[in-house]
Amino acid sequence: MNSRERIISAINHREPDRTPLDLGGFDFTGIHVSSLHILEVALGLKKPNEPVKVVDLVQMLGEIDEKLRETLEIDTIPLRGQKNYFGFKNENWKPWTFFDGTPLLVPEKFNTIPDKEGNIYQYPQGDTSALPCVKMPKDGFYFDDVDRSKPIDEESLNVEDQLEECKLLTDEELSYYEKESKRLFEETNYAITFPSGVSGTNLGDSFWIPGWSLKNPRGIRNQEEWYISLITRKDFIRDVNAKMTEIGIENLKLLHQAVGERIQVIMISSTDFGAQNGLLYPKESYQELFKPFHKRINDWVHRNTTWKTLIHSCGSDYDIIPDFIEAGFDILNPVQISAAKMEPERLKKEFGDHIVFWGGGINTQTTFPFGTPQEVEEEVKKNISIFGEGGGFVYATVHDIQARIPLENLLALFRAVNDVRGIKVQGL
Amino acid sequence: MDILQEISDNLQKGQVSKVGILVKQALEDKIDVKTILGSLIEGMGVVGRRFRDGEIYVPEVLIAARAMYAGLDLIRPLLVQTGATYIGKVVIGTVKGDLHDIGKNLVKMMMEGAGFEVIDLGRDVSPEKFVEAVKANQPDIVGMSALITTTMVNMKDTIEALKRANLRDKVIVMVGGAPVTERFAAEIGADSYAKDADTAVAKAKALISNKR
Ligand code: B12
């Protein structure tokens, strides 16, 4: 089997020849630039002064290049959009040294000039005359949202303001996707993921609420206010989600015309519904305000394409996984096995026939950052044997590989995955 | 129904304006401010326990807290006048590099709802800022929240900074947040860890009475 066949088999609940591996197929199965650089240097794929390209400019995820993909035998490749969270294009790369010394490449419009305290800010559309939308504290690892929300005037709250950034795909974007998808499909054997999804399907993601690409975001733009609104402004949220769904389905149609069946998995939702010990919101919030729309979206995809749909939701989702399944999702990520009621055995047994686990490969809150390499290897092998049985599993860590993971643990993880798959990798 | 019971019930239901109206009414009825405060504390206590037990969720707690503040803001100036004291002073913040503040905010709200004075330093709070705040406010407790394994270590740095400033012995250090554990708290030399906001309040109370 080649990589694409392997993933297609796994996501159709058929056992592939070996466990498929994803790294960087989505912006929640990626790797932080610092960890990536350490790993690539250790594997002899990069010289210490050779830079890593940043593909997610908020979470600071690095680009998985062809050398690494081949070396680790990764089975996925992402079809990325041209624009980033701030609404400018990722182009004309320039060097920048990260706080911890990692050499990076960032787009031209990425601001690298620190303030007096050494913090770095980014601006909507790269326009430094606007108010900054995110800030990376000196010595930090990620960008944090800068609260630009205004007090809410209930009278003037409207769907259009809330969805200002939610647009139909342009002809330029569509022809880019068409060309890129052809290139990836014809020139590689990897399974092609569509990590950003299309504008409109990602209902209520608190990551997007602040409206980073907008210079003057209106509506509910503060995360806490958004969470509260799920209870206090139900009608408004329902109207917003309905309108988004309409735009989302329109965009899916356009995307389908452009890429056809060349992509295999599309990200539909990355709203977090879980926290460490249980759901973040009442179950009814999901059932009333999200599920009917998710169902409409998933139904459209299944009726009209061969794509599989993915939902990313952190934390303890156990109580609503049955709802995700009923809403028609094919794939669940990141499968946070360290949260309450999310043990691999339990999940596989109860839901394994109905949903694909894309993640859950290692506990990223304990074992991976703080365990010994041996503990990492043991856990990786155990999780693969539980989740992998009969297919329905793509190996990925729980959420992105963060910074500050000991090198020995990084190596141990990929060694263990490839051990199970019967692959010997030089340098691991 | 007894107006104090009504205050507590409406707080639990998150009826923001109703709680304000009822507290005003209670003040007009010449009910002692401390008794009114008691009804807010009682209501918030119920909310904390229901959240701990998974009966209600984050948005509901946030809404109840708004109702609590609608009452608390009215009686605060009067409490100061009567010389009523807080049961303790807490400086709280999410550590450097971390933006997750929902959990921290819940802890703060519950603590205020339990009669503590809380100084909230917000999120992305550096060790230096914690030290400054301790110098300026002389709290009984320093509370730190961290939600990511990459930022947890900044709790240790803060404790070290407090030591260097000779302030470590003067405060009780409490830590929490999803990846934090009892063991980690002990390793970095914190005094206490709590899994949720309700437990945090109970532990804070116990630690303060021990200290005094
Ligand atoms: C909501 C959320 C977000 C929101 C945050 C919104 C906000 N303003 O807070 C957004 C979307 C912005 C976000 C961003 C990120 N997040 Co996040 N997020 C979460 C999520 C889903 C829930 C956290 C939450 O609010 N829980 C609800 C509250 C009430 O619970 P709590 O915080 O644990 O607090 C309770 C107790 O812990 C305790 N407590 C808390 N603080 C304190 C303090 C003291 C003193 C005491 C005594 C007790 C105490 O009491 C609280 C109330 O009972 C978690 C998943 C999880 N498992 O927790 C991930 C999670 C924490 N995020 C994670 C990550 C990686 C990130 C990002 C880096 C990347 C990303 N895209 O997700 C960025 C972070 C950027 C940055 N600089 O910080 C990871 C961390 C992994 C790790 N290795 O540790 C998690 C665990 C998700 C995962 N699947 O792995 N996130």
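Data for the structure
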| quantity | calculated |
| --- | --- |
| Selected residue [surrounded by 16 or more Cβ atoms within 10 Å (Cβ to Cβ), within 16 Å of the ligand (Cβ to nearest atom) and aliphatic (A, V, I, L, M)] from A:Leu332, A:Leu252 | A:Leu332 |
| Residue check, B:Leu147 under 11 Å from the mean Cα position of the chain (by Cα) and within 14 Å of the ligand (Cβ to nearest atom) | no |
| Considering residues of the stretch B:131-159 that are more than 17 Å from B:Val180 (Cα to Cα) and touching a Lys or Arg at 6+ places or on another chain (Cβ under 9 Å) only, the residue nearest to the other protein chains (Cβ to nearest Cβ) | B:Val131 |
| Residues of the stretch B:154-176 classified as of a type outside the set (S, T, N, Q) and either in contact with a Gly (Cβ under 6 Å, 6 or more places away or on another chain) or part of a helix (DSSP H, G or I) (or both), total | 13 |
| Answer from A:Gln426, A:Gln374 - the residue that is more than 16 Å from the ligand (Cβ to nearest atom), away from chain B (no Cβ under 14 Å), of a type in the set (S, T, N, Q) and outside any helix (DSSP H, G or I) | A:Gln426 |
| All positions within the stretch B:41-55 that are buried (at least 21 other Cβ atoms within 10 Å of the Cβ), of a type in the set (A, V, I, L, M, F, W, C) and over 13 Å from B:Phe116 (Cβ atoms) | B:Val47, B:Phe51 |
| Where a residue in the stretch B:96-123 is in the same structural domain as B:Lys203 (by TED's automatic domain parsing) and its partner, wherever it lies, is of a type in the set (Asp, Glu), with Cβ under 6 Å and at least six apart | B:Lys96/B:Asp124; B:Leu99/A:Asp144; B:Lys108/B:Asp120; B:Val118/B:Glu112; B:Arg123/B:Asp101 |
| Residue list for the stretch A:275-320, restricted to those being more than 22 Å from A:Arg233 (Cβ to Cβ) and under 16 Å from the mean Cα position of the chain (by Cα) | A:Lys308, A:Thr309, A:Leu310, A:Ile311, A:His312, A:Cys314, A:Gly315 |
| In the stretch A:138-183, the residues that are away from chain B (no Cβ under 14 Å) and either touching a helix residue (DSSP H, G or I) at 6+ places or on another chain (Cβ under 6 Å) or among the hydrophobic types (A, V, I, L, M, F, W, C) (or both) | A:Leu157, A:Val159, A:Gln162, A:Leu163, A:Cys166, A:Leu168, A:Leu169, A:Leu174, A:Tyr177, A:Glu178, A:Ser181 |
| Given (1) more than 21 Å from A:Thr245 (Cα to Cα); (2) in a loop (DSSP other than H, G, I, E, B); (3) free of Cβ contacts under 8 Å to residues at least 40 places away in the same chain; (4) not polar (S, T, N, Q), number of the condition A:Lys215 does not satisfy | (3) |
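The values are calculated or read from the model by the stated rules, or taken from the named source; none is laboratory data. Note that the coordinates shown come from a computational prediction; the quantities given were computed from them, not determined experimentally. When we count neighbours, we look across all protein chains shown, and the Cβ atoms used for this are built from the backbone with ideal geometry, even at glycine.
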